[in-house]
Each structure stands twice: as C-alpha cells, then as structure tokens.
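*Asks:* Would you mind keeping the following structure in view while I ask a few things?
Just so you know, all these numbers are worked out from the coordinates, no wet-lab data involved. These numbers were taken from a predicted model, which means no experiment stands behind them. Here Cβ is always computed from backbone atoms with ideal geometry, including for glycine, and neighbour counts include all displayed protein chains.
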Amino acid sequence: MKLVSKDIDKNSAGGVTMIPEEAEDMWHAYNLITHGDSLRSTTIRKVQTETATGSTSSSKVRTTLTITVESTDFDTQACVLRVKGRNIQENQYVKLGAYHTLDLELNRKFTLGKPEWDSVALDRLDQACDVTQHADLAAVVMQEGLAHVCLVTSSMTLVRAKIDVSIPRKRKGSCSQHDKGITRFYDQVIQAVLRHINFDIVKGVLIASPGFVKDQFYEYMFQQAIKLDNRTLIDNKSKFVLIHSSSGFKHALKEVLQDPSVSARLADTKALGEARALDDFYSMLQNDPNRAFYGLKHVELAAEAQAVEVLLVSDDLFRAQEVSTRRRYVQLVDGVRESCGDVKVFSSLHVTGEQLGQLSGVAAILRFPIPEPESDGDDSDSTDEN
Amino acid sequence: MSRHRAVRTMNYDDEYDFDDVYGHSVEDDYCVSPGTDQIPEEDETMGDKPEGKGSYDEDYDPLKDSSNFQRPPLNPIDEARLNSCLEEMRNIVGETTPEHLMIDAVLRSDFNYEKALNDVLNSQSGKTTEPKSDIACRPKIFMIGGDEPNEGSVVTAPQEPQVTRMTFSTGNQTNSGFTPEKNSGMDVETESSNPACRDLGDSFASLDVKKSASQAKLDAGDSGSSNNTPKKAPFLLKTKLERLDVKKEYAKRQADGKDFINLVVIGHVDAGKSTLMGHVLYQLGFVNKRTMHKYEQESKKLGKASFAYAWVLDETEEERSRGVTMDVAQTRFQTNTKVVTLLDAPGHKDFIPNMITGAAQADCAILVVNATRGEFETGFDAGGQTREHAMLIRSLGVSQLMVAVNKMDTVDWSQLRYKEITTKLAAFLKQTGFKESDVSYVPCSGLSGENLCHAPKDTQLSKWYTGPTLAEGIDRFRSPDRMIDRAFRMCVGDIFKGMGSGFSVAGTIQAGSVQVGDRLVIMPQGDICNVKGIAIDEAPLSIAFAGDNAVLTITGSDMNNIGVGSILCDPMLPIKVTSRFRARVVIFNIDVPITKGFPVVLHYQSLNEPAHIHRLISQLNKSNGEILKKKPRCLTKNMNAVIELSLSRTVCLELHKDCKELGRIMLRYAGHTIAAGLVTEILDKPSSKTE
Ligand SMILES: Nc1nc2c(ncn2[C@@H]2O[C@H](COP(=O)(O)OP(=O)(O)OP(=O)(O)O)[C@@H](O)[C@H]2O)c(=O)[nH]1
Ligand SMILES: [Mg+2]
C-alpha cells in the first residue's frame, strides 16, 4: 500500500489517503474500513438522463463519492473489496443520502476517515505500508488425488486451486489404471501451478506431501517441462523446495511453513511467526495449563492481572460490526501492551488464524500461573457461538 | 428368537465398547459403559453360536447335484449380454414378468433382445405355451424339506450366476441367526431393499418338494392361492421372489466348507510384512513358479533381490523401486479351513491413512515384528509403528491377533530373543485391550520361509518350538458373525473403469447383502444406481454378503458422483449423513493438548476428511463413564471425553449403538493418531456455525 497523506489529529480522528497496489492491500483495507467510517474514492455510477423528447437513456460516469460505511464485503478469491454506504457529499450525479457501493480498485487512491484511529488500526496501516514485509510464497500441498495450490503472502493464504480427483488404487495384477490416474492428476497440478503461480513475484514454491508424492511429482513435472520445453518451469527450478507434510489437506500448510528448511531458505514470514506462537501456546497448555488461557473472559481476567506475556488475537475480531465490541478487543490489546506484553494479531486468512478463530479467536500465554477461573468463563464463549 | 438376535448383536458391541474405548488406558480397570444394563444377557447370548457354519449340510456335494443341471454356465461376457438384455426388457415389460422367463427367452434367442422380448410378450399373452426346450434349460430347484434348516437347503447349480432361483423359505425357522425380522428399525431390518420378499417367502413356508422349476412354480401358485391369493397372483408373486433368498444363499456358502476372513497384516516399516505374506502365497501355490522366477530376476536387476517375495504384493513400480509398500495390497488365498482376503498394509508412518483403510475392513490381524537386535526395539519404541498399528486395529474393532516374530534367522533362532520379544509385546497388547487368549505368537522367517506353511526344518528352531506354523495360526482365527440381515452398507474403497458398461466399485460389505439387479443409493451424494454385476476375486457371483470384499459393477450413475469413502446403501434405509456429530473418544498419547478449534483428519472406513473439533463437551471418568467435568478447557493424553466434530462437507456416519462396524472413527493430526472414538450422536444441521 502506498501512503499518500496522513492527517490524524491529537484526538486520533482524521483521514488517511492511500493507494492499494496489490491484492493483499485489499485485505488490509478490508481490515481497516469499519462501520461508521467515511470513505472517499472515485467510482462508476450509472446515471439516467431524460432527453427533451422524454425518453430516458442511461450512461455510466466516473465520479468521486464520499460515503459513510455501512457494510463491507471481501471476496477472498478475487481479492475484491466492496463497501456499501450512504452518500454524504452531494454531487452532480448522486443525491445526498443515496446508497452506493464502492468497489475499491487497484492503483486508485482512496481516503479513509475515522472518528478514531485506534492502535490496532494504526498498526494495520503500518503493516500495510511496510514493503519489507513482503515475502510471497507459493505452496502446493498434496497427497495422492488431492492438491491445494496456495499463495502465501504475509497476511493471506489463498487457495488458488484445489484438485480433488479419485485415483484408482493398485489392484492385483494391474496397476495401469492407477498409474494413468496418477499421471492425469500430476498433469492437472502442473496446469494449476502454471496458471496460478507468478514466478516473477514468488520467492519460492514449496511442494509438500506425505510419502513420496512430492518427489514423484517434482520429477515428473521437470521431465514434462524438458519434454515440452517449458522455460517458465525450467528457469525457476531453483525456487522449488520439497517438504514433508502429513497430508494434502489445507491445514497441513502449518507444518509446512514451520519446516526448518523453509525458514532457513526464505525469510521469516508472518505466517511462520503465528504458527510458532500458536505452538508455544499449546505447549504451555500442556506443561502449565494455568499459564495458557483462551476465550475472551479468561484472557481479560489475565490481562487485568497484568499476567499476559503474549496475546494471540485474530484480526476478524476487530471487524466486529458493533463499535463497542471492537473497542473491547482494542482495549485488551492496549492493556497488554501497557504491561509490556507482546501482541500477535493473527490473520484470519492463514491456517493458524483459522485455528485460533475456532479457539474463540483470542488466547494468551501468561507470565505467571493464575488459577483457572472458577466460574466457567468458557461458558459464555461457547454460548456466544451458538 | 429374533429379538434375541438383535439384542445379542448389541451386547456384543457393548462388550467391545470397553475394549475399544478404554483399551488404551494405562490402567487395566475396565469401565462400565452406558450400555452395561444389557450385559447380563450376554453370557447366554454369547453362547448362541453363529448359524451352524460348517455343520450345515455337510455331506452335500454341489457337483453331484449340478450334474442334473443342463444349462452350461455363462461366461462373463455372456453374463453381461444377458444383463443388458434383461435391463432393456425390464424397461418394456416392467416387473410383471418373472425374471427366469426373461432369462430363458434371452438364452433361447441367443441374446437377441428383440426376439426375446417378443417371446416373453407372446408367452405372457398366450399364458402357458412354453416350448419344451424351456424346461430343459431352466434352472432346477431342489428343495430338500425339513423342519430343521440344517437339513433343508435350496440347491441350485453352484457358481451359476444370474440364474434365477426360485427360493422359498422352508418353514419354522428355528435358527436364530436367520429368523426374519419384521419389526422396523435398523437392528432388525431384513436383508433386502424389498422387505416384501421376506414376507412372501414365509407365506410359502413348508414347501417340501423336489421338482423341476416349472412344477415348483405351479405349486407355489397353489399354495399361494390357498392363502387367498387371487388366481392371477402367481406371476406377481414370483416376480417378487426373483431375488435370491439371502439366508439360504449364505447358508449354502457356509456349507461349502471354509470360513471367510479378512486378514490385515500390519507392523513397523520393513518388518518384512510383504515378504512374509508373499512367501506364504508362494508356498501355498497362489503364485506360480514362473512368476516367482521372473520377480527374482527382475528384483536382482534393480539391486533389490531381497525383495523378490515382497513383489508378489508390492506391485506398483514406485513400490518396487523404493522397496516400500505404499498402499494396501489385496489378494485372496485359502488355507485348510479358511478363505482369506489378505490386506497387506504399508508400515511407513506416512501411509497410516492407507493402513487404516485396510484395517477397517479386517476381522483379524497379523502383527509382524522384526526380531533382529535393535530393530524390534526401534519399531516398538516411541516413534515406531508397532504400537500405533496395534492400537489402531484394536480401536477399529479387530480383536484377534497373531504376532509373527519375523527375521528369526538373523538371531539364529534364539529362543531367548523370542521370549524377550513376546514378553514385551504381551504386556503391551494386554494394556492395549487385547484378550490374552486372542493373541498368539509364531517365530518365523519370511525370507527363508521357515515355519510359514510347513513345520520347521531348521533344528535351531524345531529343537525348542513345537507350536503352530503361520498358516496353522491363520486356520485358528475365528470368522466373526456377519450382519447379513441388516440394511445393506458397502464402503467404497476404490473406483475404477470396468470392462463393459458402467464402472466398478470395490469395497468391503459391512452389513446386509447385495444381489445383481439391486438398486442402491450412493451416500452422501444421494444418487441411485443399479448393480449390474458382482465379483469377488474376479469370479462373478449373483450375491455377496456382509464381510465380503467385493467389486460391484454399477450403472445408472456417474463415476464422478461417487468418491472413496462414499457408502452404497439400501435405498429404503440409507445411512445417516451429517456435517456435525458427537463422539466418545479416548485420547492417545499426545504431546500437545487438544482444545476446541483443533484441526484434525477424520478417518472413517476408507474416508479421510478434514474436520475440526468444534467443542469439548465433557471429560469422562475412564472407569465408569461418569462425567468428570463439563466443557473442559483441554484434553490431554489418555483422557476419555465426549467431543463434537464439525466438517465442511457432509459425510456418512452410523451411530455406534446401531452398528458397531460403522460407528468407529479415528482422528489424526500432523501425522499422529490422536484419538479413537465411537459415534454417539449425529447432529442434524450445524446450528449457526462459528466462523
Ligand atoms: N533376514 C531376513 N530378512 C527379511 C525377512 N523378511 C523380510 N526381510 C527383508 O526385510 C526387507 C523388508 O521387507 P518387506 O517385506 O518389504 O517389509 P515390509 O514390512 O513389507 O515393509 P513396508 O511394507 O514398506 O512397511 C526386505 O529386504 C526383506 O528381504 C526375514 O525373515 N529374514
Ligand atoms: Mg510391505
């Protein structure tokens, strides 16, 4: 994201103008824009005009609109962000108070105004504009008959293609259907790799599987590449890394990112940091359950006691519709920071963020043990979700 | 008696509940499960031996009887032609014409469908103008009547697929296992998708005839009319009777002598499983000398001469070149008393999902351990697969186990080493929930072939070992009671293109039976399909039962509408489908505690599906099943708990109390088995999911 101007007063109110430059910036924008903000951007509006003869015609015009945000909608596949709201600045084409949906576009600037830029929003802004954080990876997580071709950026894991085919098993006396099935499957995966991975951008391509699928696939892919003289693959051969995973399901990506050969070869990614933090949480839960809490109530309790050493929190909590709910989480974050705790905001688009989301979205590793709260704090969390 | 049967099955389940769920606990204290109130009946019912296997018509010689049978057996191609003609004809004449008439017509017309159809239509309108030749080529049915089912059986030409058999139940069924159930509900569902057939069979009870089919037909009509059946009824009735009588067919197969078992071979990677079983197959004559010679030559060329016997089972190029089994190999062989479906599982940690698929189909197991010094220990210690495999099969309901202490040649057949290994294993297996009396041990060498099928020749072994050989050990396995009188269930393990029309689906029939011509429903997809053909080990059959590992040829549906893990069901009583359910689980030895939100892979029969633990409902007392804590924050090793799982796609499941085979699940995470469980509650719709 390119920051054009930032105008925030001492009461934390103000506007920021920025230009999204890549798909991931849309995700950042999605996490920044909340209900009640004002958003100014150019857009296409359909206008109806009445000619002198009384017939109507409609035409599309580009105009700049400012709306108060009522809802946002993010399409993870296409990385398109739609923001719906009411017009607050009358112009030639659109009346005051009329509804409009702004589609944020790449390379077109927008201005976001907030009554209050809280710490979480400011962090997000910094993160979005920090170019050093970019470390795009592609990963193919596979097992026989199943492959996920994913793109892993610093805050998103996008499944670009899922190949799910049934491969006949080996049968007594005949493996030909099996072998044919495997070849067809590999061909499909190669197609997906070529279609979805931009080798100019990604730093590396991880191929992960249990057993020998990855080796067999890698071998086959480069055999084919040479046979068909596919320069893209041949020139980028050095970017491929083979890694063990326990399955071809998407959540196995967590193991993949934690593999030492990944962190050694490629810069530490945010996804990796999150995976480590989550592992730390679980090992604390194992070793000293009174130093590992989850669920908002329990974690707040620990935060009050200034006991939180690391706070793990999923970013989707800050996208809460209600301002008060967001404020509660922001306060938790600020409180932990004040007491010198570390805050890790997980991206809900990463597999670890998904897992944390399932685990109530918030968890904490404590500095010192606190007896497990008597009143079943977890209670409210589980009823929350029903 | 029929109720009795249902109860027995349930109790039997419950008995295994303990072992299943609590077997892994380090403590040996068995608990009382919620189903304990039914236990008292158990002793009595357990003694109720399975339906007279073996004793059934022992001196009946199928060949002798079939000499009366004049129609030549059909080869598979004719079979297929016959089937397709029948299908076409059925489309025209509906179900009103008895199938055997149609078959006759088809055969007479030499598979000319139009001609056959004309014949059928003519004969129907002209009533009984059946040509003489007809009688000659019609299957003959002999009914040797009697009160005892043990004495009575329906005899038709064996191995004669597709011939319509007119079968009537003999009267007063006293054999509990085969008593027809007319109550509704899973437990007591009869064998067919067409329950009416059972009822009709009963109405013809006590047919005590030995006649040609045409006469039997008339008789059937008579006895039918004496039951106030209208005059025209015989035709209608007979159509319904076209389906084979399941219990008779099953009894007939039992009478053929050998019990069927599904045997899985498990153990740590490179323990010698494939070599051992490959050698057994060779010694028993199921691999011919020429093939074996070829394997020896070719494996030598690859520098893998020691794997020659393993090549019998490791058939893919990848497996052979790497010397590692990757997927379960399946083959059939016979010992003196058993027909064995062998499932050679891979030992490599990464292929445990395949191993689970194999083990889910098994009745009994051979655990192969490597006696070589240091090697047994590697396989047995943490990180080795010996323990995990043993725990897995126990949780999957396999209770009979033979341990093959293999590679004894590498330790000079040392009795001391043998003792050391068996002692260690015995303690562990007991803890895992195997009854001591259900576990046996055999020293052997898969490579040299010592003590596999012949008594040991090596004096180093024979001087101290006088027990059974491996093959004798297999003979001692007991074939479990099959649920042939339940609603049909077959879990799809493999889908492939067959020879003719449609496609083939392979898997183990978990419950009920299936016949050529049956309509089935594919779950969870809900597609209806037809069974065109049935084969076991390449031999075409007209009926297959629970426990059989069969290949069904399917038409009427598309190959893409079915996946590995789909379940073929009786359309009247399909399996339940859900994306959310509860299970009572035992947590295995895990490093990291389980919380809600945990992503897992759900293993259910041949299905592997990503799921996550939606919430932890309660932690249970290991020994009595009482709730210790509601909504625990986390679960750690060896705990018992009730958890709720949710999936992004729907899957088929059965409650464990309804069907023990289909009520078991395994959960794995990051390459480790973290829990085994029993399905206790199937939740309808996800009640507003968290996201
Ligand atoms: N000395 C000796 N070697 C054996 C014996 N049985 C097997 N082997 C050797 O052990 C190696 C592994 O044998 P396999 O049969 O492939 O082992 P496996 O258990 O099937 O292995 P996976 O299926 O990959 O888990 C081969 O080199 C065999 O020759 C035996 O009784 N004695
Ligand atoms: Mg093997």
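*Asks:* Select from A:L253, A:L233, A:L81 the residue whose mean-square fluctuation is largest in a Gaussian network model of chain A (Cα-Cα springs shorter than 10 Å).
*Replies:* Looking only at A:L253, A:L233, A:L81, the biggest GNM fluctuation is shown by A:L233.
*Asks:* May I ask you to derive the FRET efficiency for A:Q92 and A:D7 from their Cβ-Cβ distance with R0 = 25 Å, giving the value to the nearest 0.05? Present the calculation step by step, with values, prior to reporting the outcome.
*Replies:* Values: r = 26 Å, r/R0 = 1.05.
Taking R0 as 25 Å, the efficiency between A:Q92 and A:D7 is 0.45.
*Asks:* Taking a 32 Å limit on the Cα-Cα distance, which of the listed pairs B:K630/B:K657; B:K338/B:K637; A:K109/A:K270 fall beyond it? Walk me through the numbers before you get to the answer.
*Replies:* Values: B:K630/B:K657 23 Å; B:K338/B:K637 40 Å; A:K109/A:K270 26 Å.
The answer is B:K338/B:K637.
*Asks:* Note down the nm distance, to one decimal, between modelled labels 7 Å out along Cα→Cβ at B:D537 and at B:R373.
*Replies:* Between B:D537 and B:R373, the simple spin-label model gives 4.2 nm.
*Asks:* Over its Cα atoms, what ratio of radius of gyration to 2.2 N^0.38 Å does chain A give? Each step should come with its number before you reach the end.
*Replies:* Details: Rg = 24.6 Å, N = 386, 2.2 N^0.38 = 21.2 Å.
With N residues counted in chain A, Rg over 2.2 N^0.38 Å equals 1.16.
*Asks:* Considering only the other residues whose Cβ falls under 14 Å of the Cβ of A:M1, what net charge follows from Lys and Arg at +1 and Asp and Glu at -1? Don't jump to the answer; show the numbers that get you there.
*Replies:* Values: positive: A:K2, A:K6, A:R108, A:K109, A:R124; negative: A:E21, A:E22, A:E24, A:D25, A:E105, A:D123, A:D126, A:D130.
For residues surrounding A:M1, the net value is -3.
*Asks:* Considering every pair of different Cα atoms, what Kirkwood radius, in Å, is found for the stretch A:271-384? Could you put the intermediate results ahead of the total?
*Replies:* Details: mean 1/r = 0.0723 Å⁻¹.
Hydrodynamic radius (Kirkwood, Cα only) of the stretch A:271-384 equals 13.8 Å.
*Asks:* Further question on the same structure: Rg (Å, one decimal) plus Dmax (Å, integer) for the alpha carbons of the stretch A:2-129?
*Replies:* Here Rg and the maximum Cα pair distance are 16.0, 57 Å.
*Asks:* Same structure, new question: Cα extents of the stretch B:489-569 along the three principal axes, largest first, in whole Å?
*Replies:* Each principal axis gives a Cα extent; for the stretch B:489-569 these are 27, 26, 20 Å.
*Asks:* I want the antiparallel fraction of DSSP beta bridges within the stretch A:135-258, as a percent rounded to 5.
*Replies:* Numbers: 15 of 25 bridges.
DSSP beta bridges in the stretch A:135-258 are roughly 60 percent antiparallel.
*Asks:* Moving on. For chain A, what's the relative contact order in percent, using C-alpha pairs closer than 8 Å and at least 6 residues apart? Don't skip to the end; give the middle numbers.
*Replies:* On the way: 715 pairs, mean separation 49.7, N = 386.
Taking the mean separation of contacting Cα pairs over the length of chain A, I get 13 percent.
*Asks:* While we're looking at this one, here's another question. Take the stretch B:365-456, compute every pairwise Cα distance, and split them into 5 Å bins from 0; I just need the percent in each bin.
*Replies:* Using 5 Å bins, I get a P(r) of 3, 14, 27, 25, 19, 11, 3, 0 for the stretch B:365-456.
*Asks:* Still on this structure, I have one more. For the stretch A:135-258, evaluate the Debye formula with one uniform point scatterer on each Cα (no solvent term) and list log10 I(q)/I(0) at q = 0.13, 0.16, 0.22 Å⁻¹, rounded to two decimals.
*Replies:* So the normalised log intensities are -0.49, -0.73, -1.34.
*Asks:* For the stretch B:606-622, what does the Karplus curve 6.51 cos²θ - 1.76 cosθ + 1.60, with θ = phi - 60°, yield as ³J(HN,Hα) per residue in whole Hz, taken in order and with x for Gly and Pro?
*Replies:* Listing the rounded values in order: 8, 8, 10, 9, x, 8, 9, 6, 7, 6, 9, 7, 7, 9, 10, 6, 4 Hz.
*Asks:* Provide the gained length on full extension for the span B:A382 to B:A305, in nm with one decimal, where the gain is 0.36 nm per separating residue minus the Cα-Cα distance. Don't skip to the end; give the middle numbers.
*Replies:* Values: separation 77, 0.36 × 77 = 27.72 nm, distance 3.07 nm.
That pair, B:A382 and B:A305, stretches by 24.6 nm at full extension.
*Asks:* Another question, if that's okay. What share of all Cα pairs of the stretch A:209-305, in percent, falls into each consecutive 5 Å distance bin?
*Replies:* 2, 11, 14, 15, 15, 13, 9, 6, 5, 4, 3, 2, 1, 0
*Asks:* Could you sort the peptides A:339-346, B:512-519, B:312-319 by per-residue average Cβ neighbour count (10 Å cutoff), highest mean leading?
*Replies:* Per-residue Cβ counts within 10 Å, averaged per peptide and sorted highest first, yield B:512-519, B:312-319, A:339-346.
*Asks:* Also: How would you rank A:199-206, A:154-161, highest first, on the average number of other Cβ atoms within 10 Å across their residues?
*Replies:* Values: A:199-206: 16.8, A:154-161: 20.2.
Ranked by mean Cβ neighbours within 10 Å, highest first: A:154-161, A:199-206.
*Asks:* I want to check the label-to-label distance for B:K424 and A:S238. Put each point 7 Å from Cα in the C-beta direction and report it in nm to one decimal.
*Replies:* Modelled inter-label distance: 4.8 nm.
*Asks:* Binning every alpha carbon pair distance of the stretch B:259-475 at 5 Å from zero, what are the percents per bin?
*Replies:* Result returned by the calculation: 1, 8, 16, 21, 22, 18, 10, 3, 1, 0.
*Asks:* How well do other chains shield peptide B:312-318, expressed as the mean number of their Cβ atoms within 10 Å of each residue Cβ?
*Replies:* Numbers: counts 1, 2, 1, 7, 6, 3, 10.
Taking the mean over all residues of the peptide, I get 4.
*Asks:* Modelling each spin label as a point 7 Å along the Cα-to-Cβ direction, I'd like the B:E681/A:T183 distance in nm, to one decimal.
*Replies:* 5.2
*Asks:* Kirkwood-based Rg over Rh for the stretch B:566-676 (C-alpha set), two decimals? Provide the component values of the computation, followed by the final result.
*Replies:* Values: Rg = 14.1 Å, Rh = 14.4 Å.
So for the stretch B:566-676, dividing Rg by the Kirkwood Rh gives 0.97.
*Asks:* About the Cα centre of the stretch B:532-691, what is the dipole size in debye to 20, counting +1 per Lys and Arg Cβ and -1 per Asp and Glu Cβ, all else neutral? Walk me through the numbers on the way to the answer.
*Replies:* Working: 20 positive and 15 negative charges, 221 e Å.
Dipole size: approximately 1060 debye.
*Asks:* If Rh is defined by the Kirkwood formula over all Cα pairs and Rg also comes from Cα, what ratio Rg/Rh do you get for the stretch A:60-159?
*Replies:* Numbers: Rg = 18.2 Å, Rh = 16.8 Å.
Taking Rh as the inverse mean 1/r over Cα pairs, Rg/Rh reads 1.09.
*Asks:* Using alpha carbons only, how many angstrom separate the centre of the stretch B:621-635 from the centre of the stretch A:54-107?
*Replies:* 54
*Asks:* Let me ask another. D for the stretch A:262-328, whole µm²/s, Stokes-Einstein with Kirkwood Rh over alpha-carbon pairs at 37 °C and 0.692 mPa s: what number?
*Replies:* Values: Rh = 13.9 Å.
Answer from the Stokes-Einstein relation: 236 µm²/s.
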